Amino acid sequence: MTGPLPGAEPATEPVPNPRECSWAEDFLGPSFQSRPLVLMPDDEGDVVATLIRYGGAPKAAGGSGSEVRVVLYLHGWADYFLQAELAEHLAAEGFHFYALDLRKFGRSLRDWQTSGYAADLQVYDEDLSAALAAIRADLSHLTGPGRSPAVHVLAHSLGGLIAALWADRHPGELASLILNAPWLELQGSSLVRNLAMRLVEPVARADPRRPFLLPAMPGYWQSVSSEAHGEWQLHPVWRPVTSFPIRAGWVKAVLAGHAAVARGLNIKAPVLVMLSDRTRIQAEWTEELMHADAVIDVEETATRALRLGRRIAVFRYPGAIHDVFLSERPIREEAYRDVACWMESYPWGEAASTAPP
């Protein structure tokens, strides 16, 4: 269900000169282009994020700049953007579609980097700022001087946690926020999270990149991958069978994010949370994993969602897997329609910088 995959190894090329970061055809096919976004180096060396767009260079259209509407997609843990069908559906509804592979994930992963590692989720503010700046520049001929497009962020799993925390810190940036099975709480409860934080804290201080030896849980991968029981072609390095190694410093950062959600956020933009109707977390694959969320506790997530802001809606999809947009066709097509209707209902949200006069 995707174009030919690139090589099975992380990218080894050096980070390019920012002036040379032009759009090039993406591996998803000629309808997709991607470009690196050069970020500040960290303790492992040079860092990039990668912006992907659907449909080529945006064409000028009739109407005012206020009609320029954008979707920016964020992936989850041990993941990358591959949802070409989602891009096609939302573009057909009149949205300019972009996606972002965060630093050390997917197209942005380099061979000298620790896969997916971050010691603080706030580091991704730079990735998102760079992506939004690039999108605004890309669409500037449509919006006109001093105007910005209306941006809807659509984020999955860990990306949903990152996006929620970012939106809370950046009021006025979004027309709306759509969270596809966001990872808002540790599986179990806040009690389990507090216990986990006490165990992780000393290890994270002493050796933050130390991996934990945890049981392999390949069931969700098997439900998604065309090499097993799913219908999607997955990159073996960017989305491995048993995920990326879980490291102490990263766990501490995620648990801190969960704690912030539990205390309550104040996201100004309207928020849509999309979830399966049930959870089934298990190591071995069974047919049930084709019809349930095998990663997060959907009931706990529905409860936590109410602490994100003032305008929250929770949509449930019976039979959906963890990524609603990778579920069986009738389910994901219903989700496509719901997202388009949601964004039509909130064309400007609380995005004061983009609101028409």
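The values are calculated or read from the model by the stated rules, or taken from the named source; none is laboratory data. Everything numeric here is computed off the predicted structure, so don't read it as measured data. Neighbour counts run over all protein chains shown; Cβ positions are idealised from the backbone, glycine included.
When we screen ARG316, ARG337, ARG329 for residues that are of a type outside the set (Phe, Trp, Tyr) and more than 21 Å from GLU88 (Cα to Cα), the only hit is ARG316. The residue pairs whose first member lies in region 139-155 and is under 12 Å from HIS96 (Cα atoms), whose second member is among the hydroxyl-bearing types (Ser, Thr, Tyr) and in a loop (DSSP other than H, G, I, E, B), and whose beta carbons are closer than 7 Å, counting only pairs six or more residues apart or on different chains, are PRO149/THR354; ALA150/THR354. For region 131-151, the tally of residues that are modelled with pLDDT of 95 or more and more than 24 Å from VAL48 (Cβ to Cβ) stands at 0. Flag: ALA137 matches the condition of being over 29 Å from SER327 (Cβ atoms) and either in a helix (DSSP H, G or I) or not small (Gly, Ala, Ser) (or both). Scanning for something in contact (Cβ under 8 Å) with a residue 24 or more places away in the chain, surrounded by fewer than 18 Cβ atoms within 10 Å (Cβ to Cβ) and within 18 Å of the chain's Cα centre (by Cα), does region 75-90 turn up at least one residue? Yes, that holds for at least one residue.
Listed by position, the helices (runs of 4 or more DSSP H) contained in region 189-296 that have at least 3 residues being in contact with a strand residue (DSSP E or B) (Cβ under 9 Å, 6 or more places away or on another chain) form an empty set. Only one of these is within 14 Å of ILE162 (Cα to Cα) and among the small types (Gly, Ala, Ser): GLY264, GLY257. Name it. The match here is GLY257.
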